[in-house]
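The values are calculated or read from the model by the stated rules, or taken from the named source; none is laboratory data. Remember, it's a predicted structure, so these values are computed and weren't measured experimentally. Cβ placement follows ideal geometry from the backbone for every residue including glycine, while neighbour counts extend to all protein chains displayed.
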Amino acid sequence: MYKTACFFAIPLYTFVPMSLFIASLNSGSNGNCYYIGNKNEAILVDVGISCRAMEKRMKHLGLDLSLVKAVFISHEHSDHISGLGSLLKRQRIPLYVSEKTFQFCGVEYDMTEINHFSNGDTIAVGNMNISVFSKIHDAIDPYSFCVEENGIYVGVITDIGRCGDNVVKWFSKCHAAFLEANYDEEMLNDGPYPFYLKRRIAGGLGHLSNDQALKLFKEHRPGYMSHLILSHLSKTNNSPEIVESLFARDCGDVQIVVAPRTEETNLFEIDGTGNGMSGKISQDWVQTVLSFNNKA
Ligand SMILES: [Zn+2]
Ligand SMILES: [Zn+2]
């Protein structure tokens, strides 16, 4: 059995092009966790769900926690760190976080390796390079990320009050991006939130509206972008149907996905061909590679 599995796995390794595999494990003000990896290693951006939920959802996608070689934290709001403490207790995964943000996280840790980054840093995790850039958000020291391998770029850009130069610069490189589309302006204005909260969300330091996200997409997406994962939707002030229909008009060949608030997306393969409509769920291949890695 052992020899048979290896015999079939090795040729696949040889012919499958280099790709990044991405999924949202949860997205919204109730918790955020994003997976980006290649065939051998992966990172998580934010851990705003329980360890149990995270592992369960990864399992649905054919992924194992052992693939995760680093965790990156964008900022200290609880929807981005609520599961961090339990993850660090359970698994010794190196943590990457800004020094100021870490002070505000209040997580207990034991032997975990803590690495601090700052604006403009690029950090290598296996074959992936993670660029760190500051963003505009009402947190102590907030960041977004862009993961690159073999010239394929994936951005994780949520929790932004407005699009600063950094966001435009990195978004315009992305083959795929998790991009915040937090609220529909009309629903927020007419909705039940108190005035101070409406101001916090839409005042330029909170979150990105559907229209602001669409403007960024229309004006700055590169021609080769294949996937846009619309993320961090508000439960009260937005709806997946509104977002989908808004972006459908202008999406061209880009596959638009709305990340759910209580479950994972599919696992998408970003292969750099720029053809989003043929973007495929590559679970069979990942399973084959995982079985090969486990046996090698
Ligand atoms: Zn958030
Ligand atoms: Zn936030």
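Set side by side, the residues GLY191, GLY164, GLY120, GLY126 differ, and just one is away from ligand 1 (no atom under 16 Å from the Cβ), modelled with pLDDT under 95 and more than 14 Å from the chain's Cα centre (by Cα), which is GLY164. Residues of region 108-143 being in contact with a His (Cβ under 9 Å, 6 or more places away or on another chain) and within 19 Å of ILE43 (Cα to Cα), which ones? Within region 108-143, PRO142, TYR143 qualify.
Once region 199-221 is narrowed to residues that are in contact with an Asp or Glu (Cβ under 8 Å, 6 or more places away or on another chain) and assigned to a loop (DSSP other than H, G, I, E, B), the residue that is nearest to ligand 1 (Cβ to nearest atom) is HIS207.
Every condition in (1) of a type in the set (D, E, K, R); (2) away from ligand 2 (no atom under 16 Å from the Cβ); (3) touching a helix residue (DSSP H, G or I) at 6+ places or on another chain (Cβ under 9 Å) holds for ASP190 except the one numbered (3). The residue that is nearest to ILE81 (Cα to Cα), counting only those in region 140-192 that are assigned to a strand (DSSP E or B) and small (Gly, Ala, Ser), is SER144.
Residue-wise test of (1) within 18 Å of SER24 (Cα to Cα); (2) β-branched (Val, Ile, Thr); (3) surrounded by 14 or more Cβ atoms within 10 Å (Cβ to Cβ).
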{"site": "ASP190", "(1), (2), (3)": "no, no, no"}
{"site": "LEU230", "(1), (2), (3)": "yes, no, yes"}
{"site": "VAL257", "(1), (2), (3)": "yes, yes, yes"}
{"site": "GLU263", "(1), (2), (3)": "yes, no, yes"}
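Among the residues of region 74-125, those that are surrounded by 21 or more Cβ atoms within 10 Å (Cβ to Cβ) and within 17 Å of MET54 (Cα to Cα) comprise HIS80, ILE81, GLY83, LEU84, LEU87, LEU88, LEU95.
Let's see how each residue does on (1) at pLDDT below 95; (2) assigned to a strand (DSSP E or B); (3) away from ligand 2 (no atom under 16 Å from the Cβ):
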| position | (1), (2), (3) |
| --- | --- |
| VAL47 | no, no, no |
| ARG57 | no, no, yes |
| GLY62 | no, no, yes |
| SER74 | no, no, no |
| GLY85 | yes, no, yes |
| LEU88 | yes, no, yes |
| THR101 | no, no, no |
| TYR109 | yes, no, yes |
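Scanning region 114-139 for residues that are among the hydroxyl-bearing types (Ser, Thr, Tyr), more than 16 Å from ligand 2 (Cβ to nearest atom) and not in a loop (DSSP other than H, G, I, E, B) returns THR122, SER131.
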